[in-house]
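The values are calculated or read from the model by the stated rules, or taken from the named source; none is laboratory data. None of these values were measured; they are calculated from a predicted model. As a convention, Cβ positions derive from the backbone with ideal geometry for all residues, glycine included, and neighbour counts pool all protein chains shown.
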Amino acid sequence: MTNDHSWNDANFETRAIHAGQDPDSATGAVITPIYQTSTYAQEAIGKLKGGYEYSRSDNPTRTALQEALASLESGTWGLAYASGLAATQNIAYLLRPGDHVLLSNDTYGGTFRLFDKVLTNFGIELSLADLSNLDAAKAAIRPNTKIVWVETPTNPYLRIVDIAGMAELVKARDIRLVVDNTFASPYLQQPLSLGADLVLHSTTKYLGGHSDVVGGAVIGNDGDVYETLKFHQNAAGAVPGPFDSWLTLRGIKTLGVRMDRHSANAARVAAWLGEQEAVDTVYYPGLESHPNHEIAARQMKGFSGMVSFTVKGGFKVAAKIVEKTKVFTLAESLGGVESLIEHPGKMTHASVAGTGAEVEDTLIRLSVGIEHVDDQIADLEQAIAAATTRELIGASTHHAD
């Protein structure tokens, strides 16, 4: 596919529908076709039609997705992968033995597992720090640090990292700043405009938005980095198929309206949780009591649909709550239209056990969907009531954070 129109000056919602997705030049199809093919006819040896020879290298449906992703993050290029971890691995190919990566001590368990259990076997050094504290980040940087890897909001405690401040910190040190923007989505936050070098997404989550596709993406502006990552994308081969690319494109078209509803619902749920006797601490950057609220308000358009909270009464109560909900489905992942609930310590973050970055066993993580918020709150209310007793939670007061 080729684009006859530049959408650079259009608003986000318009680019989400049109960037990289002009009507098909061959047929006029309004929606990007699924080019379900592995190979392409060549007019002569090395003379390609449209630049395509083999779908691991390039595919028109994937090209449309990559152009759309670049536009939404205000980057000059985008690359799509078979999963968020495949995208993470592709960035890691920029490292060499002896290089050091500084990772948040509050990060997705799969990201930590890849660096700690796989990449350290190839001579990559890893350490953790609270990257929401710039002084702590500065103290943790080493002479051989090559990447500072940021999530903001973090997973699962929803801490906020000052992207512009971190970019300023690493700029003079020959360090790449990578920002995992999965929890915010490009609709709510654009790290490249704040000084990040690379943006990573698990497109499985808010970008896809319907819990029906797995994918990942990297977006940036540096042409040399693009050439290196593009070579590795083809050479290592962890690319999304055309149908996966098409599903992600379809999800992207409604990203703006979905994120507005996710954010509005999550704000209501977080405020309600903060009023419950059984709840100890609520983690949501949209709350004014959140320690990083001012930074979040400065660098985000909204506060997304993720809410975490701890409960009184220990693991037993937390486990009962996540098993009693009905609107909130007990499942890993996040960012779909449906609401999900999980126990990070036993599910998504089990791999950090014993590392010093453990997750509290009373922590529950919500992915607040786009159902009616009254139904979401009623569901949480009945689950908490079913899982707790006044004697179990005690008479201690709750507080929101």
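Annotations for the structure displayed:
- For the range 39-63, filtered to residues that are basic (Lys, Arg) and touching a residue at least 12 places away in the same chain (Cβ under 8 Å), the residue that is surrounded by the fewest Cβ atoms within 10 Å (Cβ to Cβ) is Arg56.
- Single unsatisfied condition, Phe309 versus (1) modelled with pLDDT under 95; (2) surrounded by 17 or more Cβ atoms within 10 Å (Cβ to Cβ); (3) closer than 26 Å to Phe112 by Cβ: (1)
- Gly98 being in contact (Cβ under 8 Å) with a residue 12 or more places away in the chain and either in a strand (DSSP E or B) or of a type in the set (Val, Ile, Thr) (or both): no
- Looking only at residues in the range 219-258 that are more than 22 Å from Ala92 (Cα to Cα) and polar (S, T, N, Q), the one that is nearest to the chain's Cα centre (by Cα) is Thr248.
- Once the range 344-363 is narrowed to residues that are closer than 30 Å to Arg250 by Cα and either of a type outside the set (Val, Ile, Thr) or touching a Leu at 6+ places or on another chain (Cβ under 8 Å) (or both), the residue that is modelled with the lowest pLDDT is His349.
- Test for Gln36: is it touching a residue at least 60 places away in the same chain (Cβ under 8 Å), more than 26 Å from Arg258 (Cβ to Cβ) and in a loop (DSSP other than H, G, I, E, B): yes
- Residue satisfying all of: in the range 364-401; touching a Leu at 6+ places or on another chain (Cβ under 8 Å) and modelled with pLDDT under 95; nearest to Ala271 (Cα to Cα) among these: Ala400
- Within the range 182-203, the set of residues being of a type in the set (Asp, Glu) and crowded, with 24+ Cβ neighbours inside 10 Å is empty.
- Within the range 139-179, restricting attention to residues that are acidic (Asp, Glu) and over 22 Å from Gln89 (Cβ atoms), the residue that is surrounded by the fewest Cβ atoms within 10 Å (Cβ to Cβ) is Asp174.
- Some residue of the range 304-323 being in contact with a helix residue (DSSP H, G or I) (Cβ under 9 Å, 6 or more places away or on another chain), of a type outside the set (A, V, I, L, M) and more than 20 Å from Val359 (Cβ to Cβ): no
- Selection of the range 175-203 for residues being among the polar types (S, T, N, Q), outside any loop (DSSP other than H, G, I, E, B) and either under 17 Å from Pro285 (Cβ atoms) or not assigned by TED's automatic domain parsing to the domain that holds Ile163 (or both) yields only Ser185.
Residues checked against (1) surrounded by fewer than 22 Cβ atoms within 10 Å (Cβ to Cβ); (2) assigned by TED's automatic domain parsing to the domain that holds Thr248; (3) of a type in the set (Val, Ile, Thr); (4) not in a loop (DSSP other than H, G, I, E, B):
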position: Ile321; (1), (2), (3), (4): no, no, yes, yes
position: Val327; (1), (2), (3), (4): yes, no, yes, no
position: Ser333; (1), (2), (3), (4): yes, no, no, no
position: Gly354; (1), (2), (3), (4): yes, no, no, no
position: Arg365; (1), (2), (3), (4): no, no, no, yes
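- Candidate set from the range 121-131 (those that are in a loop (DSSP other than H, G, I, E, B) and in contact with a helix residue (DSSP H, G or I) (Cβ under 8 Å, 6 or more places away or on another chain)); member that is surrounded by the most Cβ atoms within 10 Å (Cβ to Cβ): Leu131
- For Thr254: the one exception among (1) over 17 Å from Leu158 (Cα atoms); (2) buried (at least 21 other Cβ atoms within 10 Å of the Cβ); (3) out of contact with any Leu (no Cβ under 8 Å at 6 or more places or on another chain): (2)
- Subset of the range 295-330 [within 18 Å of the chain's Cα centre (by Cα) and at positive phi]: Ser304
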